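Everything below concerns the one structure shown next.
Readers should treat all values here as calculations from the given coordinates under stated rules, not as data from a laboratory. Computed from a predicted structure; not experimentally measured. Here the Cβ positions follow ideal geometry from the backbone for every residue, glycine too, while neighbour counts run over all protein chains shown.
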Amino acid sequence: MAIDQFSRSLPMMLYRALDTVMPSFRKIFNDFGLTEQQWRVLRVLWEGDLITIRQLAEVTLIPAPSLVGIVDRLERDGLVARQRSTTDRRKVNVVVTGAGAELEERIMPRVASAYAELKQSVDAETWSQVLVGLQRIAVERGVERSE
């Protein structure tokens, strides 16, 4: 089986796509004093109520030891809080604070705009094929965490 030319290999194409896509998002995150990892944590928390550190690590694809420091900084900045589970004191849940919810209202319109601009760069069918293809690769390789 032949291996694709280096510049056309899947890893390089993914890196190239990230290098194209992420600068506009990084600018937004930076404008709000967030790192990409902090953004990923907040984005997950904005979609749900509370989540354990272990679950958060799985969903964000951030290793738990690194995630603890990220959550520490978000907690220090008043954007999230830790809460002990009432059913299992060994579990610690992470929740968004009022300030974290307020940040969502300020940042999401800019993120939505950047996302819409990105989606306009290709036709709807291509966009869908890219997402479906990447999803299949993740599932087939056993990396799929949760949606």
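Table for the structure above
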| item | result |
| --- | --- |
| Per-residue HN-Hα couplings for the stretch 91-97 [Karplus 6.51, -1.76, 1.60; θ = phi - 60°; Hz; x = Gly/Pro] | 8, 10, 9, 10, 9, 7, 8 |
| Residues E58, E47 arranged by fewest to most Cβ contacts within 10 Å | E47, E58 |
| Residues S113 and R141, FRET efficiency given R0 of 30 Å [Cβ-Cβ distance, rounded to 0.05] | 0.40 |
| Top positive-direction residue, dipole computed over the chain with Cβ charges, set V96, V122, I70 | I70 |
| Computed [θ] at 222 nm, helices only, for the chain once each DSSP H run of length n ≥ 4 contributes -39500 (n - 2.57) | -21000 deg cm²/dmol |
| Per-residue Cβ neighbour rank within 10 angstrom, fewest leading, T86, T60 | T86, T60 |
| 10 Å Cβ shell holding at most 15 others, DSSP loop, trypsin sites (Lys or Arg not before Pro): longest site-free stretch of the chain | 1-88 |
| Residues whose placed amide H lies under 5 Å from that of I51, excluding near-sequence neighbours | V94 |
| Radius of gyration, Dmax [the stretch 1-56; alpha carbons; angstrom] | 16.3, 48 |
| Coordinate range along principal axes, alpha carbons of the stretch 1-135, Å, largest first | 54, 37, 24 |
| Footprinting exposure proxy for V41, V130, V71, V92 (fewest neighbouring C-beta atoms within 10 Å first) | V130, V92, V71, V41 |
| For the stretch 16-89 and the stretch 95-131, distance of Cα centres in Å | 16 |
